[in-house]
Amino acid sequence: MQALSRRDFLIGAAAGGTLLGLGAAGALAQTDKFDLVIKGGEVLDPSQKLRARRDIGIKNAVIAALEPDIPDARAKQLLDAKGRLVLPGLVDMHAHVYPQVSALGLPADELVPYTATTTYVSAGDAGANTFSALKHYIVAQARSRIYAFVHISSIGLSGFPVGEMLNIDYADVDQAAKTLAENSELVLGIKVRESLDVVGTNGLEPLRRAILACERSGVRGARVMCHIGNAPGELSALLDLLRPGDILTHAYSGAGNNTVQNGRLIAAALEAKKRGVLIDVGHGGGSFDYTVAEPAIQQGLVPDTIGSDIHAVSGNTPGMPYLPWVMSKFLNMGFSLEQVVAMATSAPAKIIGKIEKLGTLAVGAPADVSILELVEGPVDFVDTRKNARKGNRHLKPVATVRAGRPFGRPYPSPFSYP
């Protein structure tokens, strides 16, 4: 019998755990109790084209039932969602959740009351030299689900605000590739920041090395997430380097040298979109400009994901880049509620591609649920360049369930989490 690698063993164990959960749920008799029933909400799940009043029954951290009515008597714990939207757990494709080592990082679990987010992607907080602590001390101890892009710079963002790519020697291709290859259950690819204040005279060399690290890792589907601000040189040259499946984040930045010039979307941006480069919002504290976003979207550069770029600096800015608030901005820019929810659930979950049924509320899916209120009424928004827009509704976080257990009270006993 061929020996299993550690990675194959872990993948098999995870799959087995899911099957066990499904087996337990599938074996429920009509009188058996669910661990949690989310009652009376309007379930909105774009992955199932479902928008209707439904109750959700959760057993063993898995969605076990999605029905018009589940009797209260079948719930060990009830969560009242009447008058609320019940969504698959929100997935933030661009966040900074590495406190202590990354100067920008915030604790994922402490963000939950403001974001109702169950899955975060750490966007290059850690490089090869600092990744181990992210994996063992942050990801392993968080209730929130966390994935990551490893920074092409070995120091990640630990040197912020000093640009991590001013010294090209930090861009160690072999170390980045090795970190990706050895942690592919957690790492989605390589992050690079291509702004003049970050790369200095090194131009596009950090991006070239990030692409090479993905290729050298041997990990199938490894992606580059490329940050743009005031990009060095011609932005078209940068865009032409990106491969299908790579992610362009801060796509609507107004920091200079952006995707819209003289009111027109540059041809290379549209070509990148057409060949399969993914477009992420990456709002942050300085990277979302209505005067760029509006013409870019009108001319074809539509976002695939609504990453927030929440971090210790951006979270204190007037633009308030908490994921439901950024979703609200796009809701008021003409996107439907279903489109906005998909860009923060099923779309990023598909890009992550690590867990079956992540980003959906289908039976058998991980029991990650976000409950929000759709507040109707006048609302004011501002971007990161002080451009203001008025809206007529916004999404407000109400409650968050991760792996079948709500954040907050009542506390489970014993106090432990999957």
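Read-outs throughout are calculated quantities, based only on the coordinates presented, and are distinct from any laboratory measurement. Everything numeric here is computed off the predicted structure, so don't read it as measured data. Methodologically, a virtual Cβ is constructed for each residue, glycine included, from the backbone with ideal geometry; neighbour enumeration extends over all protein chains shown.
Observations on the model:
- Globularity ratio of the stretch 44-184, using Cα Rg and 2.2 N^0.38 Å: 1.36
- Among 281, 101, 302, sorting on how many other beta-carbon atoms sit within 10 Å of each Cβ, with the fewest leading, yields 302, 101, 281.
- Tilt relative to the chain, helix 6-26 - C-alpha long axis, 0 to 90 degrees, to 10: 30
- Converting the Cα gyration tensor eigenvalues of the stretch 165-268 into ellipsoid dimensions via √(5λ) gives semi-axes, longest first, of 25, 15, 10 Å.
- P(r) for the stretch 248-338, from all Cα pairs and a bin width of 5 Å, is 3, 15, 27, 25, 18, 9, 3, 0 %, short bins first.
- The stretch 133-179 and the stretch 32-109: distance between their alpha carbon centers, rounded to Å: 30
- Counting neighbouring beta carbons within 10 Å and listing from fewest to most, the residues 139, 292 come out as 139, 292.
- With both residues required to sit in the stretch 88-352, DSSP beta bridges show an antiparallel share near 10%.
- Listed residues 227, 244, 116: farthest to the positive end of the dipole of the stretch 88-352 (Cβ charges): 244
- Each stretch of four or more DSSP H residues adds -39500 (n - 2.57); spread over every residue of the chain, this sum gives -7000 deg cm²/dmol at 222 nm.
- Alpha-carbon Rg with Dmax, taken over the stretch 107-182, Å: 13.3, 40
- Taking the Cα centre of the stretch 88-352 as reference, the dipole from Cβ charges on Lys and Arg (+1) and Asp and Glu (-1) amounts to some 480 debye.
- The ranking of 274, 49, 33 from fewest to most other beta carbons within 10 Å of each one's beta carbon is 49, 274, 33.
- The stretch 137-214: C-alpha pair distances exceeding 20 Å, %: 32
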